[in-house]
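Participant: After the structure tokens below, expect a handful of questions from me.
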Amino acid sequence: MSTFVIAEIGINHNGELELAKKLIDTAVIAGCDAVKFRKRTIEESYTDEYLDEEEDSPWGNTRRDKLLKLEFEKEQFDEIDAYCRKKSIAWYASSYDIPSQLFLRQYDHKYNKIASAMLTNDPLLETVAQEGRYTFIATGMSTFEEIDHAVDIFRKHDCPFELMHCISTYPMISLDANLKMIYTLKDRYHCKVGYSGHEIGTLVSTCAVAMGATSVERHITLNKTLYGDEQKASVDPVELWKLVKDIRETEQIMGTGEKIFSESELDLRKKCRG
């Protein structure tokens, strides 16, 4: 089975549509299966007190200035939708509030995503699960009890889902990856389990595939020195190309589990055993 590879653009477009298109191109060239964005209604997701706090950015001196600049609206998402259709790559977005999820319904997505930070937001989970679209559920910073509850919501609505093992640090230290959680989640929930990574490099993500991850999601960037909280925990175009190449090769290396002789081994068998 082919691993579903997701290039998470998130907010690494820095509010620039042309940069978003270049990131989509990067994902297409690398051979990814989908690109993912993020959608938030800023006034709904944050308090005025939080938004009015000082934070320097290229777009102003408050968090409000920064967050509003990073948010795409209908005009930009319409172009993204058309561009992804042109490039023959699926796209979808993780929403951080109900208005954003309702906004996303206007697009013909195959997938939804529950971000780790939203896993305990029951009203949002109910809204997403009611749509019945295949949903990737990230499990970073979540207890088993919290994951149990989220899974119950999706099963109640008979909504297909896939859990994603995730460590919510940016960047993640590779030694913290704890990839055996892929086995644990499969055994506990009897579902597909993918991997959402924030580490430096590509080794951990490739190892996740060898351990049976059915999907891999990584943040992507054109340049890790660009402004943004998630740029350093992203893979650049060369790393993304290498990652997809290594994932596809790993799938072949893992084989089928059947006892099969290659032509070379058969030749050696004849020589060694007469």
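Participant: Can you give the relative contact order of the stretch 74-126 as a percent, counting alpha carbon pairs under 8 Å and 6+ residues apart?
Facilitator: Relative contact order for the stretch 74-126 comes out at 33 percent.
Participant: Count charges around TYR170 for me, please; just the other residues with Cβ under 13 Å from its Cβ, Lys/Arg as +1, Asp/Glu as -1.
Facilitator: Net local charge, TYR170 excluded: -2.
Participant: Using a Förster distance of 25 Å, how high is the FRET efficiency between GLU54 and GLN76, based on the Cβ-Cβ distance and rounded to 0.05?
Facilitator: Calculated value: 0.40.
Participant: Enumerate the calculated ³J(HN,Hα) couplings along the stretch 35-48 in order (Karplus 6.51 cos²θ - 1.76 cosθ + 1.60, θ = phi - 60°), each rounded to whole Hz, writing x wherever the residue is Gly or Pro.
Facilitator: 10, 10, 10, 10, 10, 9, 9, 4, 5, 7, 7, 9, 7, 4
Participant: How many nm separate the modelled label positions at ASN223 and GLU265, each set 7 Å beyond the Cα in the direction of the Cβ?
Facilitator: Taking the simple label geometry, ASN223 and GLU265 are separated by 4.9 nm.
Participant: Find how many whole Å separate the alpha carbon centroid of the stretch 228-246 from the alpha carbon centroid of the stretch 94-138.
Facilitator: 25
Participant: What are the residues whose amide H is under 5 Å from the amide H of ILE137, where those residues sit 5 or more places off or on another chain and H is modelled from the backbone?
Facilitator: Those lying under 5 Å, H to H, from ILE137 are ILE114, GLU162, LEU163, MET164.
Participant: Write down the accessible area per residue of the chain in Å², having rolled a 1.4 Å probe over the full set of protein chains.
Facilitator: Heavy-atom accessible area per residue stands at 50 Å².
Participant: Relative to the longest principal axis of the chain, what angle (0 to 90°, nearest 10) does the C-alpha long axis of helix 74-87 take?
Facilitator: Between the helix axis and the principal axis of the chain, the angle is about 20 degrees.
Participant: For a quick check: with amide H placed at 1.01 Å from N, whose amide H comes under 5 Å from GLU55's, ignoring anything fewer than 5 positions away on the same chain?
Facilitator: When sequence neighbours closer than 5 places are left aside, the close amide H contacts are THR62, ARG63.
Participant: Distance check, please: which entries in LYS39/LYS180; LYS22/LYS74; LYS180/LYS259; LYS74/LYS186; LYS186/LYS232; LYS36/LYS259 exceed 28 angstrom between their Cα atoms?
Facilitator: Checking Cα-Cα distances, LYS39/LYS180; LYS74/LYS186; LYS186/LYS232; LYS36/LYS259 exceed 28 Å.
Participant: Round to a whole angstrom and tell me the spacing of the C-alpha centers of the stretch 15-29 and the stretch 34-55.
Facilitator: 22
Participant: Note down the net charge around SER142, summing +1 for each Lys or Arg and -1 for each Asp or Glu among other residues with Cβ under 14 Å from its Cβ.
Facilitator: Result for the local shell: -4.
Participant: Work through the residues other than THR225 whose Cβ is under 11 Å from its Cβ and net out their charges, Lys, Arg +1 and Asp, Glu -1. Please list the in-between numbers first.
Facilitator: Details: positive: LYS224, LYS232; negative: ASP236.
So the environment of THR225 carries a net charge of +1.
Participant: Here's a follow-up. Any chance you could look up the accessible area of GLU131 with a 1.4 Å probe, heavy atoms only, rounded to 10 Å²?
Facilitator: 40
Participant: If I compute solvent accessible area with a 1.4 Å probe over the protein chains, what percent of it on the chain is carbon and sulfur?
Facilitator: The nonpolar share, carbon plus sulfur, comes to 52 percent.
The values are calculated or read from the model by the stated rules, or taken from the named source; none is laboratory data. These numbers were taken from a predicted model, which means no experiment stands behind them. Because the Cβ atoms are built from the backbone with ideal geometry, glycine has one as well, and the counts that use them run over all protein chains shown. Accessible surface is based on the protein model in full, side chains and every heavy atom, while ligands, DNA and RNA are left aside. Shrake-Rupley method; radii C 1.70, N 1.55, O 1.52, S 1.80 Å.
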